[in-house]
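The values are calculated or read from the model by the stated rules, or taken from the named source; none is laboratory data. Just so we're clear, the structure is a prediction, and the values are computed from it rather than from any experiment. Reconstructed Cβ throughout: ideal geometry from the backbone, glycine too, with neighbour counts over all protein chains shown. These accessible areas exclude ligands, DNA and RNA; they are computed on the full protein's heavy atoms, side chains included. Shrake-Rupley method; radii C 1.70, N 1.55, O 1.52, S 1.80 Å.
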Amino acid sequence: AQKITQTQPGMFVQEKEAVTLDCTYDTSDQSYGLFWYKQPSSGEMIFLIYQGSYDEQNATEGRYSLNFQKARKSANLVISASQLGDSAMYFCAMIPRAYNNNDMRFGAGTRLTVKP
Amino acid sequence: NAGVTQTPKFRVLKTGQSMTLLCAQDMNHEYMYWYRQDPGMGLRLIHYSVGEGTTAKGEVPDGYNVSRLKKQNFLLGLESAAPSQTSVYFCASRLSPATYYGYTFGSGTRLTVV
């Protein structure tokens, strides 16, 4: 089964600076999707960004971008121009692209704190 | 735009008691999921459903049962609660099995078993 590793339990960043949250994954599948979710202190899970394993370009969504390095099996989230509202838990997740696969696996998460 | 609604939001149970968590979605999604979130472990899949009347086991199904009698509802049951089931439970749904469809999550249920 696939495994997701987030090695940074906690990260700090100064407001307006960029920050990279690390994610590596382990899978034998050739086709898969990668996701990042944000969980603020209120508890809900908010979808941020998606990257397909065969996508040639790195995904971007506003201030979020995904630094995808397929050979290294890494899918790092980059947040540019950090804001105080970015303080939250961030989860990396992966699901194989096999049709009808329903086993999305999550990493343990990284708690990001943005300092004013 | 209710999305995915979970009830209750908080619950305290005594060991051995039973309860049912309700998940309701109004997006006509076929696929629904129950996850649990424990500190330092991320989210783990308990059970899921690919359509009305179907259920399947996920990564950590022991001690839980589920039912999907109506397309919009997915129920998670604990027949005899144990302290190890203290967790935050999330329901999620998605429209299609296509990989690029992310999940829409409910706001979670915080369950404490004493």
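Which longest uninterrupted range of chain B lacks any trypsin sites (Lys or Arg not before Pro) assigned by DSSP to a loop state (not H, G, I, E or B) and surrounded by at most 13 other Cβ atoms within 10 Å?
With trypsin sites (Lys or Arg not before Pro) excluded where exposed in loops, chain B gives B:15-69 as its longest stretch.
Going by accessible area, probe 1.4 Å, with all protein chains left in place, what is the ranking of B:Thr55, B:Thr104, largest first? Display every interim value, and only then the final one.
Working: B:Thr55 75, B:Thr104 50 Å².
Correct descending sequence by accessible area is B:Thr55, B:Thr104.
Buried accessible area for the A:B pair, summed, 1.4 Å probe, in Å² rounded to 100?
By this definition, chains A and B bury close to 1800 Å².
So which chymotrypsin sites (Phe, Trp or Tyr not before Pro) in region A:1-62 are both in a DSSP loop and have at most 12 other Cβ atoms within 10 Å of their Cβ?
A:Tyr54
If I compute solvent accessible area with a 1.4 Å probe over the protein chains, what percent of it on the protein assembly as shown is carbon and sulfur?
C and S atoms contribute 50 percent here.
Within region B:58-75, name every residue whose backbone N is under 17 Å away from a label modeled 7 Å from Cα of B:Asp26 along the Cβ vector.
Residues B:71-74 qualify, since their backbone N sits under 17 Å from the label point.
Test of understanding: in a Gaussian network model of chain A with alpha carbons linked when under 10 Å, which of A:Ala75, A:Ala18, A:Ala93 would top the mean-square fluctuation ranking?
A:Ala18
For chain A, with a Gaussian network of springs between Cα atoms less than 10 Å apart, report the residue from A:Ser80, A:Ser65, A:Ser31 with the top mean-square fluctuation.
Maximum among the listed residues: A:Ser31.
Can you list residues whose amide H is under 5 Å from B:Gly108's amide H, if they're 5+ apart or on another chain and H is modeled 1.01 Å from N?
Close amide H contacts, sequence-distant or interchain: B:Gln6, B:Cys91.
What list of ³J(HN,Hα) couplings, whole Hz, do you get for region B:59-65 from phi and the Karplus terms 6.51, -1.76, 1.60, once you set θ to phi - 60° and write x for glycine and proline?
Each residue of region B:59-65 in turn: 6, 10, x, 5, x, 10, 10 Hz.
Of B:Met19, B:Met27, B:Met41, which is the most mobile in a GNM of chain B whose springs link Cα atoms less than 10 angstrom apart?
It is B:Met41.
Give me the tail of P(r) for chain A as a percent: Cα-Cα pairs with distance above 25 Å.
Taking all Cα-Cα pairs of chain A, the fraction more than 25 Å apart is 18 percent.
Taking Rh as the Kirkwood radius computed over C-alpha pairs, what is the Stokes-Einstein D of the protein assembly as shown at 25 °C in a medium of viscosity 0.890 mPa s, expressed in µm² per second?
Rounded to a whole number, D works out at 135 µm²/s.
Taking a probe of 1.4 Å, how large is the accessible area per residue of the protein assembly as shown, in Å²?
Per residue, the protein assembly as shown has an accessible area of 47 Å².
Can you list the equivalent-ellipsoid semi-axes of chain B, largest first and in whole Å, using the square root of 5 times each Cα gyration tensor eigenvalue?
23, 14, 13
May I ask for the distance between the Cα centers of region B:74-94 and region A:34-68, given as a whole number of Å?
26
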